[in-house]
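> Here you go, one structure.
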Amino acid sequence: MTPMKEDYLKIIFELGGANKLVSNKQIAISLDIAAGSVTEMVNKMVDEKLVTHKPYSGVQLTKTGTRYAEELVRKHRIWETFLINVLHFDLPDVHREAEQLEHVTSDKMINHLDDFLGHPKRCPHGGIIPDKDGHYEKDHDKLLMDAKDGEEVVVNRFIDNHDLLTLLGDIKLDLGDRLKIISHDPFEGSVVAQNLTDKKQLTIGYKTAHYVFVK
């Protein structure tokens, strides 16, 4: 399986695609690629029975696709946890390292690493980590973009992206922060919110608001 196809499996899984339909638009925004490229790859994945596709609605992982995605996510996020907790990497820098390590790591190795770390349930950016039997806590969160004006939400996780994590560090938006949604810009699509943790007001861009999950 190509690295690009693995990236698709991981992002569809991260967007909730093991349990619900994920739109091509969401995939394109999350991977920062053209919509046409997503359509082409989705068609290939349908042929390989990794996803099912419902026209005009989106894609969902098959049992086979889910199993592949769980294995990839498990290895990737355990390495991220090790790099942060043990080697003290900066959060924005761990994704690229983990991306390389996951492809050369055996099941035996990752199970030993999981034991060493004490079986973490979530990675440093909040993503779930399946255990060796494929069990994990299901997320029931939503994109920050989909939060309603006036709603109070808690930041639950971020999509694993270097530039995003750097930006969030700069604006000091962290896991567990409570936000009150003030408004959605009808033209730019940005979200204005007050961080109830430090009482500061934030303007969160359209793309960023598709990378942050809240509950």
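> State which residue is nearest to ARG157 (Cα to Cα) when the search covers only the range 14-25 and only residues that are open to solvent by less than 50 Å² (accessible area, probe 1.4 Å) and assigned to a helix (DSSP H, G or I).
Looking at residues that are open to solvent by less than 50 Å² (accessible area, probe 1.4 Å) and assigned to a helix (DSSP H, G or I), I get GLU14.
> Also, quick follow-up: May I ask you to verify whether VAL51 is buried (at least 16 other Cβ atoms within 10 Å of the Cβ) and more than 17 Å from the chain's Cα centre (by Cα)?
So VAL51 fits the description; yes.
> Filter the range 77-94 down to the residues that are part of a helix (DSSP H, G or I) and at pLDDT below 95, then identify the one that is least open to solvent (accessible area, probe 1.4 Å).
Among those that are part of a helix (DSSP H, G or I) and at pLDDT below 95, it is VAL94.
> Name the single residue that is farthest from the chain's Cα centre (by Cα) among those in the range 145-193 being β-branched (Val, Ile, Thr) and either more than 23 Å from ARG96 (Cα to Cα) or open to solvent by 70 Å² or more (accessible area, probe 1.4 Å) (or both).
Residue satisfying both the conditions and the ranking: ILE182.
> A follow-up question, please. Could you give me the residue pairs with C-beta distances under 8 Å whose first residue belongs to the range 171-183 and is over 11 Å from ASN195 (Cα atoms), whose second residue is in a strand (DSSP E or B) wherever it lies, and which are 6+ apart or on separate chains?
Here the result reads LEU175/VAL155; LEU175/ASN156; LEU175/ARG157; LEU175/PHE158; SER183/VAL191; SER183/VAL192, each pair linking the range 171-183 to a residue that is in a strand (DSSP E or B).
> Could you give every pair whose Cβ atoms fall below 9 Å, whose first residue belongs to the range 130-157 and is assigned by the TED database to the domain that holds LYS207 and touching a residue at least 24 places away in the same chain (Cβ under 8 Å), and whose second residue is outside any loop (DSSP other than H, G, I, E, B) and loosely packed, with under 13 Cβ neighbours inside 10 Å, counting only separations of at least 6 or pairs across chains?
ASP149/SER183
> What number of residues within the range 109-142 are under 30 Å from ILE181 (Cα atoms) and of a type in the set (Asp, Glu)?
3
> Suppose we filter GLY134, GLY118, GLY36 for residues that are modelled with pLDDT under 95 and on the phi > 0 side of the Ramachandran plot; which single one remains?
GLY134
> Counting residues that are within 27 Å of LEU83 (Cα to Cα), which strands (runs of 3 or more DSSP E) fully inside the range 95-206 reach at least 2?
Passing ranges, in order: 152-158.
> Another question, then. Return yes or no: is ILE11 within 24 Å of ASP139 (Cα to Cα), modelled with pLDDT under 90 and open to solvent by less than 50 Å² (accessible area, probe 1.4 Å)?
no
> Among the listed residues ALA28, ALA69, identify the single one that is free of Cβ contacts under 8 Å to residues at least 60 places away in the same chain, part of a helix (DSSP H, G or I) and open to solvent by less than 60 Å² (accessible area, probe 1.4 Å).
Criteria check complete, one pass: ALA28.
> So in the range 101-140, with the set limited to residues that are surrounded by 11 or more Cβ atoms within 10 Å (Cβ to Cβ) and of a type in the set (A, V, I, L, M), which one is nearest to GLY169 (Cα to Cα)?
Applying the filter and picking the extreme gives ILE128.
> Can you tell me which of GLY58, GLY16, GLY65 is in contact with a strand residue (DSSP E or B) (Cβ under 9 Å, 6 or more places away or on another chain), at pLDDT 95 or above and among the small types (Gly, Ala, Ser)?
Step by step, each of GLY58, GLY16, GLY65 is checked, and only GLY65 is in contact with a strand residue (DSSP E or B) (Cβ under 9 Å, 6 or more places away or on another chain), at pLDDT 95 or above and among the small types (Gly, Ala, Ser).
The values are calculated or read from the model by the stated rules, or taken from the named source; none is laboratory data. Quick caveat, the model's predicted, so the values are computed rather than measured. Note that we place each Cβ from the backbone using ideal geometry, even for glycine, and neighbour counts take in every protein chain shown. Please note that ligands, DNA and RNA were not included when accessible areas were found on the heavy atoms of the full protein model with its side chains. Shrake-Rupley method; radii C 1.70, N 1.55, O 1.52, S 1.80 Å.
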